[in-house]
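Below is the structure I would like to discuss, written out as structure tokens.
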Amino acid sequence: MRAYSIHTKLVILLGNPLGHTRSPAMHNRLFEKMDLDYLYLPVEVSNEDLPTVFAGLRKMNVTGFNVTIPHKIAIMDLLDALDPLAEVIGAVNTICIEDGRSIGYNTDGEGFIQFLEATLDTNITGKRLFILGCGGAGRGISMTMASRGAARMFLCNRTASKAETLAAEINAKIRPCAETIPHSRSEMRKALTACDIFVNATSLGMHPHHEEMPIEADLLHPYMAVADLVYNPLMTRLLTTSRRLGCPIVKGHGMLVHQGALGFRLWTGVDPIIDEMFQALNLPVN
Ligand code: NAP
């Protein structure tokens with residue numbers, strides 16, 4: 001175990017509950033491996049205690065934070081500044097203390113895109129995307145994809161109003177590239193034939209509902225890559241089916257690692273060894 005001191009820089013994960021978080025294992029292994037005098041600690045905090053706990057932690061040698069459910073929105077009011085993308089998304093998952101000021105970022109969408117680009121050996125710019133699911137994760141991913149230059153984005157959600165609101169926000173605040181698709185088989189089929197990448201941003205297929213498929217198999221085609229945000233199980237039914245049909249696939253676990261890698265870079269100014277982060281979580285690198 002390394003010797004911590006008053007000089008050790010702290011990175012704090014704020015959330016509730018945090019009993020199952022694997023982020024400390026990932027970051028602390030890398031701090032150790034790269035000989036960086038940092039320590040990553042999870043701190044469970046209730047909604048009502050968030051302002052007091054955050055203010056107290058700011059008095060310590062804290063260089064950054066991760067923020068997870070349920071504080072990603074509430075934390076924004078406590079920060080000195082927001083990165084423009086985090087402001088548009090309306091949620092913060094990473095905070096960096098820069099010259100004594102707390103700056104909020106959202107690295108979820110960018111983490112997803114970086115893993116997708118690495119896995120498919122491609123660039124998101126100019127691509128046509130179908131995003132099924134406009135909850136918190138779908139929102140962050142679509143907004144980041146729009147800001148990264150996606151050509152066209154089809155947004156589809158069981159509750160249609162959420163997709164409509166999101167598309168309107170993207171078109172007004174980022175770029176006019178989003179349109180909504182009704183959650184019906186025939187409408188989805190039409191849009192999917194014109195797509196390069198399909199993203200499942202719903203929770204369908206997640207443990208213990210392994211048998212669930214977010215779309216029917218005959219809507220998939222081999223000219224379209226398929227990405228799943230669900231990472232438990234690692235190979236969802238959607239991914240197994242897509243691979244069998246010849247579609248390139250992107251698993252959900254890479255987003256977890258790459259959003260963490262972006263935070264690591266913000267806190268330390270150093271590029272992380274990403275493969276080591278996958279290994280710390282006992283996950284494959286692709
Ligand atoms: P969320 O805000 O609760 O959104 C859930 C989404 O799933 C909504 O779009 C919801 O549609 C849709 N949905 C749920 N049940 C459905 C059903 N039976 N039929 C059709 N649509 C259904 O959750 P989230 O935070 O966005 O997370 C979504 C998924 O992404 C989860 O599986 C989560 O584990 C995963 N995720 C992965 C990572 C990663 O690092 N890989 C990070 C974040 C999230 P309605 O709006 O109609 O309810």
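The values are calculated or read from the model by the stated rules, or taken from the named source; none is laboratory data. Because the structure is a prediction, the values reported are computed rather than measured. All Cβ positions, even for glycine, are placed from backbone atoms using ideal geometry, and neighbour counts span all protein chains on display. Side chains are part of the model used for accessible areas, which takes the heavy atoms of the whole protein and leaves out ligands, DNA and RNA. Shrake-Rupley method; radii C 1.70, N 1.55, O 1.52, S 1.80 Å.
Would you mind working out the magnitude of the charge dipole of the chain relative to its Cα centre, with +1 at each Lys and Arg C-beta and -1 at each Asp and Glu C-beta, to the nearest 20 Debye?
500
Keeping the other protein chains in place, figure out the carbon and sulfur percent of the accessible area of the chain, with a 1.4 Å probe.
53
Say the dipole of the range 109-251 comes from +1 at the beta carbon of Lys and Arg and -1 at that of Asp and Glu; which of PRO182, GLY109, HIS207 then lies farthest toward its positive end?
PRO182
Positive end of the charge dipole of the chain (Lys, Arg +1 and Asp, Glu -1 on Cβ, about the Cα centre): tell me which of MET34, ASN157, VAL92 has its Cα farthest that way.
Value: ASN157.
If you don't mind, another one. Enter the accessible area per residue of the chain (Å², integer; probe 1.4 Å; all protein chains in place).
Here the residues of the chain average 46 Å² of exposed surface.
Still on this structure: So, with +1 on the Cβ of K and R and -1 on the Cβ of D and E, and no other charges, what is the size of the charge dipole of the range 109-251 about its Cα centre, to the nearest 20 debye?
That gives a dipole near 160 debye.
Same structure again: Using only Cα atoms, figure out Rg for the range 109-251 and give it as a multiple of 2.2 N^0.38 Å.
Computed over Cα atoms of the range 109-251, the ratio equals 0.94.
Further question: Report the antiparallel proportion of the DSSP beta bridges in the chain as a percent, rounded to a multiple of 5.
For the chain, the DSSP antiparallel bridge percentage is about 20.
Hey, what D do you get for the range 137-214 in µm²/s if you plug the Kirkwood alpha-carbon radius into Stokes-Einstein at 25 °C and 0.890 mPa s?
Reported coefficient: 186 µm²/s.
Of HIS210, HIS20, HIS71, which has the largest mean-square fluctuation in a 10 Å C-alpha GNM of the chain?
Among HIS210, HIS20, HIS71, the largest GNM mean-square fluctuation belongs to HIS20.
Also, I was wondering about something else. Which cross-chain or sequence-distant (5 or more) residues have an amide H under 5 Å from the amide H of VAL250, H modelled 1.01 Å from N in plane?
For VAL250, whose amide H was placed from the backbone, the distant partners under 5 Å are VAL226, ALA227, ASP228.
In the P(r) worked out for the chain, what percent of Cα pairs fall beyond 24 Å?
Summing the P(r) of the chain above 24 Å gives 51 percent of all pairs.
Answer with one residue from LEU166, GLY133, ASN282: the one whose Cα lies farthest towards the positive end of the charge dipole of the range 130-286, charges on Cβ with Lys, Arg +1 and Asp, Glu -1.
LEU166
Counting Lys and Arg as +1 and Asp and Glu as -1, each charge on the Cβ, what is the dipole of the range 49-109 about the Cα centre in debye, to the nearest 20?
Result for the range 49-109 is approximately 180 debye, rounded to the nearest 20.
Compute the relative contact order of the range 75-141 as a whole-number percentage, counting only Cα pairs closer than 8 Å that sit 6 or more residues apart in sequence.
Relative contact order comes out at 28 percent.
Another question about this same structure. Could you tell me the relative contact order of the chain? Use alpha-carbon pairs under 8 Å, at least six residues apart, and round to a whole percent.
With pairs under 8 Å counted, the relative contact order is 16 percent.
Pairs on different chains or at least eight residues apart, Cα atoms closer than 23 Å: how many lysine pairs in the range 109-251 fit?
Close lysine pairs under the 23 Å cut-off: 6.
Mind jotting down the three principal axis lengths of the range 34-189 based on Cα atoms? Whole angstrom, largest first.
Each principal axis gives a Cα extent; for the range 34-189 these are 55, 37, 24 Å.
Report, by chain and number, residues whose modeled amide H sits under 5 Å from the one on THR94, excluding near sequence neighbours (fewer than 5 apart, same chain).
Here VAL67, TYR105, THR107 satisfy the definition.
Another one. Got the relative contact order for the range 109-251 handy, in percent, Cα pairs under 8 Å and 6 or more residues apart?
With pairs under 8 Å counted, the relative contact order is 21 percent.
Helix 160-173 sits at what angle to the longest principal axis of the chain, using alpha carbons and giving 0 to 90 degrees rounded to 10?
With rounding to tens, the tilt is 70 degrees.
What are the ³J(HN,Hα) values, in whole Hz, obtained from phi via the Karplus relation 6.51 cos²θ - 1.76 cosθ + 1.60 with θ = phi - 60°, for each residue of the range 46-54 in sequence order, with x given for Gly and Pro?
Once rounded to whole Hz, the list reads 7, 4, 6, 8, 3, x, 5, 5, 4.
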